[in-house]
Amino acid sequence: MNQKLEWSTENILAYEIDSKVTEDEYKELVDEVERKMDEYESIRIFVRVPDLEGADVSTLNDRVKFLKDNELKQIEKYALVGDQKTLKAAAKGMDKLTGANVRSFDLEEEQEAKNWVVS
């Protein structure tokens, strides 16, 4: 199940993704991020991924379009929490290719990640 975490507030979005992300789910998530980017000068994102199965290939075009359409400089902090090597590589790539400050954390560092995002 993919869900928004209850501690999300105004310009802080927190999610748990623990199954495949479908095209519809991805579009819904992107729509929410874009709405927040329109509403706030900067936003912060926390994503916990305890067990990444992968995403539908159909969302790949949407992801590329989102990155192309948004420089992501409005994302002040982006925490990816999970133990998967793919997740850590994605965080490094996003940090270098975008204006966002992206960091990866192991699952046991979740509280540290949350503290980093909210502070």
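Every number in this text was worked out from the coordinates using simple rules, so none of it is lab data. Remember, predicted model here, so these are calculated numbers, not experimental data.
Amide H of residue 2 versus every other amide H placed in the peptide plane: which residues, excluding those fewer than 5 positions away on the same chain, fall under 5 Å?
Long-range HN contacts for residue 2: 18.
What are the lysines whose alpha-carbon lies under 26 Å from the alpha-carbon of residue 114, with same-chain residues fewer than 8 places away excluded?
Straight-distance partners of residue 114: 4, 20, 27, 36, 73, 77, 85, 88, 92, 96.
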